[in-house]
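The values are calculated or read from the model by the stated rules, or taken from the named source; none is laboratory data. Remember, predicted model here, so these are calculated numbers, not experimental data. Virtual Cβ from ideal backbone geometry, glycine too; neighbours counted across all protein chains shown.
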Amino acid sequence: MIDFYHVTKRFDRYSVALHDVNFHADKGEFVFLTGPSGAGKSTILKLILRQLVPSEGQIVVNGRNLSTLKRAQLPTFRREIGMVFQDFKLIERMTVFENLSFVMTVLRVPPRDHKKKAYAVLRAVNLHHRLNAYPPQLSGGEQQRVAIARALINDPFLIIADEPTGNLDPDLSADVMQIFIEANLRGSTVLLATHDRELIRRTGRRVVYLEKGRVGEERQQQQAELPESPGTFMQWGSL
Amino acid sequence: MTAEAGERPLGVFGYFVHEALRRLWVYKRTSMVAIGMIAIALLTLGTFLLVSENLNHAVDRWQGQSQLTVFLVREATPAQIEGVRTFLAGEPSFSKFTYVSREAAYAKFRKHFTQLAPVLDDLDQNPFPPSFEVQLTKVNVNDPKFTKLLGRLRAVGGIDDVQLDWQWVSRLRRIAGVLSLVGLVAGGILAVAAAFTISNVIRLTMFLYREEIDIMRLVGATEATIRGPFLLEGVFQGMCGGLLAVGLLFGLFHGVHALGAGPASALLWEFLFSEFLPWPKLLALVGGGVAAGLFGSWISVREAREEKAG
């Protein structure tokens, strides 16, 4: 599903964001990327989305080598990925429905299907009653759920989240994590960057630990204190 | 933007149109500057075209009334005169002709130039040759076919000279041509300036919408989908500028007519502003605005490719 082969990313001669990173995530896996600020978590996500290209090495996502991906193929590739940001990146002048419909328009979803799909995905994040609200009228947790709904609208095979709970209190973080886990159970691979160790501990999924642009192999397994089991998220979700 | 939950969501083209119109409205002040620039450029071009068009019309009208004078040799025989008459009658370019005998020419001169009559009295004989005054149909005097016809006429027996008052026609045509060219150059320069104004307006709008553009890219929007509303915004600005220019030109045309109602200037106004521009030229003006708008917005959007660090 996701393979990093000896990936190095330099921004300039003195600034190396990633150094010889090898990393693999299976289809349907839920993987945490963690590490201190500046470790290279966001760089990995940007490389997967091909917002950045590696200075060295190869990245293969869902069988596609990103080094050979042409610019014209990029939109099609990205449509299969759902992206969630720490700052939600919702368009404030649009209602919740419009934020979703806007994405469906650019994804060329037939207009007649917009309402049905928006309602279904908002129902999945329990926000179907806020269809006509504007983002500033929503709480942080609600806004992030809308952002997740937007990421889920096209049934992505891969969901990438960059510090999705970074702006949320623990209770709201629980709600948000619940949605990611459910999406993962429905078959989407989830790659979630966070420095929240408590979140990782409670969720109990595989952890890739980054430090100074390198993958700390030994700590990957130690990070997850809870076993990987479907029951974990249920327990977490009920908290 | 898409639509309210209760409204019908938009397809891609509907989204383009809706977004372009919405941005025009939201940034109406900057849009008005761009529209005004386009309007000024096209009004300049349109004014020159209007004057040039009317000059050409005047030339066409008066050319139809042009006269050709065929002077015969003084000793032309009745057979030669009849030969010329037959030639003139057989050519459709000559709508009407009148034979002016030597005596009739003498009398006509005396009548029109009474002060010169004593000069004629001092002469021993009638100095005027017989002639034919020929009215032309609407012909292009610069047409090689017409020049050939004149050559054949000159070769008819008994003809001394053929005089045609076409020099002023050629001169007016040249003036009209120069006016069109000046208009095109001035309008073109202003249109390029206007296109760059539109380009800057679109660049500013794109800057203000950079977050939305980023989101669109990340969710997999094609560059065409991202750029479409901005291109269309430029097209709308150009079209509005073109329509405004046509409206102003129409106002100018009628204003000039109202101002030029006095008898002193009536002839001049009649000469320069007798008819408004025809539909194809008006459409071309609006089309020019659209082209300038599209060019301006295209300059901005082609620069706005996704940055790829490293």
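Restricting B:Val246, B:Val219, B:Val182 to residues that are free of Cβ contacts under 8 Å to residues at least 24 places away in the same chain and β-branched (Val, Ile, Thr) narrows the list to B:Val219.
When the stretch B:85-134 is filtered for residues that are in a loop (DSSP other than H, G, I, E, B) and closer than 30 Å to B:Thr147 by Cα, the ones remaining, listed by number, are B:Gly90, B:Glu91, B:Pro92, B:Ser93, B:Ser101, B:Pro127, B:Phe128, B:Pro129, B:Pro130.
Looking only at the stretch A:144-178, how many residues end up being within 14 Å of another protein chain (Cβ to nearest Cβ) and more than 19 Å from A:Ser42 (Cα to Cα)?
Of the residues in the stretch A:144-178, 9 are within 14 Å of another protein chain (Cβ to nearest Cβ) and more than 19 Å from A:Ser42 (Cα to Cα).
Scanning the stretch B:109-135 for residues being modelled with pLDDT of 80 or more and surrounded by 13 or more Cβ atoms within 10 Å (Cβ to Cβ) gives a total of 12. Can you pull out the residues in the stretch A:73-105 that are small (Gly, Ala, Ser) and at the interface with another protein chain (Cβ under 8 Å from one of its Cβ atoms)? Scanning the stretch A:73-105 gives a single hit, A:Ser101. Regarding B:Phe230, is this residue touching a Ser or Thr at 6+ places or on another chain (Cβ under 8 Å) and at pLDDT 90 or above? Spelling it out, B:Phe230 is indeed touching a Ser or Thr at 6+ places or on another chain (Cβ under 8 Å) and at pLDDT 90 or above. Entry remark, the stretch A:68-97: residues being exposed (fewer than 13 other Cβ atoms within 10 Å of the Cβ) and hydroxyl-bearing (Ser, Thr, Tyr) number 2 in total. Set side by side, the residues A:Glu163, A:Glu142, A:Glu198 differ, and just one is among the acidic types (Asp, Glu) and in contact (Cβ under 8 Å) with a residue 60 or more places away in the chain, which is A:Glu163.
Whether a residue is within 19 Å of A:Asp155 (Cβ to Cβ) and either in contact with a His (Cβ under 7 Å, 6 or more places away or on another chain) or free of Cβ contacts under 8 Å to residues at least 60 places away in the same chain (or both) was assessed, and A:Arg64 passes this test.
Residue pairs whose Cβ atoms lie under 7 Å apart, separated by 6 or more positions or on different chains, with the first residue in the stretch B:147-174 and of a type in the set (A, V, I, L, M, F, W, C) and modelled with pLDDT of 85 or more and the second in a strand (DSSP E or B) and exposed (fewer than 14 other Cβ atoms within 10 Å of the Cβ), do not occur. Looking at A:Val60, is it on the phi < 0 side of the Ramachandran plot, in a strand (DSSP E or B) and surrounded by fewer than 19 Cβ atoms within 10 Å (Cβ to Cβ)? Judged against the criteria, A:Val60 is a match. Screening the stretch B:189-231 for residues that are small (Gly, Ala, Ser) and either assigned to a helix (DSSP H, G or I) or surrounded by fewer than 18 Cβ atoms within 10 Å (Cβ to Cβ) (or both) and picking the one that is farthest from the chain's Cα centre (by Cα) gives B:Ala224. Summed over the stretch A:105-120, residues that are touching a helix residue (DSSP H, G or I) at 6+ places or on another chain (Cβ under 9 Å) and surrounded by fewer than 24 Cβ atoms within 10 Å (Cβ to Cβ) total 11.
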